Amino acid sequence: QVQLVESGGGLVQAGGSLRLSCAASARTVSNYRMGWFRQAPGKERAIVAAISWSGQSTYYADSVKGRFTISRDNAKNTVYLQMNSLKPEDTAVYYCAADRTGRSMGADVMDYWGKGTLVTVSS
């Protein structure tokens with residue numbers, strides 16, 4: 001069983017930046033596609049970004065392209081989400097997830113989930 005622990009959420013003003021981290025409990029995640037998802041109040045959870053096991057392929061939702069960057073450090077079993085130019089509509093609980101079966105980059109079906117970290121962007 002893989003455990004994922006997110007950190008780095010918090011309160012930030014619009015236009016600001018945050019970096020989320022996701023620490024995995026097992027080195028096997030270095031072979032997994034990893035993703036960040038978010039769920040805003042009253043909305044369904046949706047994919048924000050994903051990264052292949054090697055880091056060479058990435059996927060971004062249209063709403064965050066050019067503002068968010070996903071990266072990973074397999075030596076540290078950690079995935080990051082750098083969020084710049086934050087907007088109030090980015091307010092949500094952000095979840096880290098792992099896909100061990102190699103689904104397509106934008107797939108929202110994942111095998112392991114973290115508990116989430118709250119990001120609040122004030123206007």
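I'm checking my understanding of the structure. Among residues of the stretch 105-114 that are in a loop (DSSP other than H, G, I, E, B) and within 20 Å of residue 28 (Cβ to Cβ), which one is most open to solvent (accessible area, probe 1.4 Å)?
Initial filter on the stretch 105-114 (in a loop (DSSP other than H, G, I, E, B)): 105-111, 114.
After this cut, where a residue has to be within 20 Å of residue 28 (Cβ to Cβ) as well, the list is 105, 107, 109-111, 114.
Working: 105: 50, 107: 20, 109: 76, 110: 20, 111: 48, 114: 10 Å².
Here the answer is 109.
Filter the stretch 1-19 down to the residues that are open to solvent by less than 70 Å² (accessible area, probe 1.4 Å) and among the hydrophobic types (A, V, I, L, M, F, W, C) and list them by number.
Here is the first cut: in the stretch 1-19, the residues open to solvent by less than 70 Å² (accessible area, probe 1.4 Å) are 2, 4, 6-10, 12, 14-18.
Answer for the stretch 1-19, where residues must be open to solvent by less than 70 Å² (accessible area, probe 1.4 Å) and among the hydrophobic types (A, V, I, L, M, F, W, C): 2, 4, 12, 14, 18.
Is it the case that some residue within the stretch 89-100 is touching a Gly at 6+ places or on another chain (Cβ under 6 Å) and of a type in the set (S, T, N, Q)? Scanning the stretch 89-100 turns up no residue that is touching a Gly at 6+ places or on another chain (Cβ under 6 Å) and of a type in the set (S, T, N, Q).
Within the stretch 35-60, if we keep just the residues that are in contact with a strand residue (DSSP E or B) (Cβ under 7 Å, 6 or more places away or on another chain), assigned to a loop (DSSP other than H, G, I, E, B) and free of Cβ contacts under 8 Å to residues at least 24 places away in the same chain, the residue that is most open to solvent (accessible area, probe 1.4 Å) turns out to be 53. Among the residues of the stretch 65-73, are any among the hydroxyl-bearing types (Ser, Thr, Tyr) and either more than 18 Å from residue 113 (Cβ to Cβ) or at pLDDT below 95 (or both)? Yes, because at least one residue in the stretch 65-73 is among the hydroxyl-bearing types (Ser, Thr, Tyr) and either more than 18 Å from residue 113 (Cβ to Cβ) or at pLDDT below 95 (or both). Of all residues in the stretch 63-104, those satisfying the criterion of being in contact (Cβ under 8 Å) with a residue 40 or more places away in the chain, open to solvent by 10 Å² or more (accessible area, probe 1.4 Å) and under 13 Å from residue 19 (Cβ atoms) are 78, 80, 82, 84.
When the residues of the stretch 20-34 are filtered to those that are in contact with an Asp or Glu (Cβ under 7 Å, 6 or more places away or on another chain) and under 16 Å from residue 99 (Cβ atoms), the one that is surrounded by the fewest Cβ atoms within 10 Å (Cβ to Cβ) is 33.
Given 85, 71, 63, which one is of a type in the set (Ser, Thr, Tyr) and not in a loop (DSSP other than H, G, I, E, B)? Quick ask: steps written out before the conclusion?
Numbers: 85 fails: not in a loop (DSSP other than H, G, I, E, B); 63 fails: not in a loop (DSSP other than H, G, I, E, B).
Result: 71 is the single residue among 85, 71, 63 that is of a type in the set (Ser, Thr, Tyr) and not in a loop (DSSP other than H, G, I, E, B).
The values are calculated or read from the model by the stated rules, or taken from the named source; none is laboratory data. Bear in mind the structure is a predicted one, so any value in this text is a computation, not a measurement. A quick note on method: Cβ atoms are made from the backbone with ideal geometry, for glycine too, and the neighbour counts reach across all protein chains shown. The accessibility values were calculated without ligands, DNA or RNA, using every heavy atom of the protein model including side chains. Shrake-Rupley method; radii C 1.70, N 1.55, O 1.52, S 1.80 Å.
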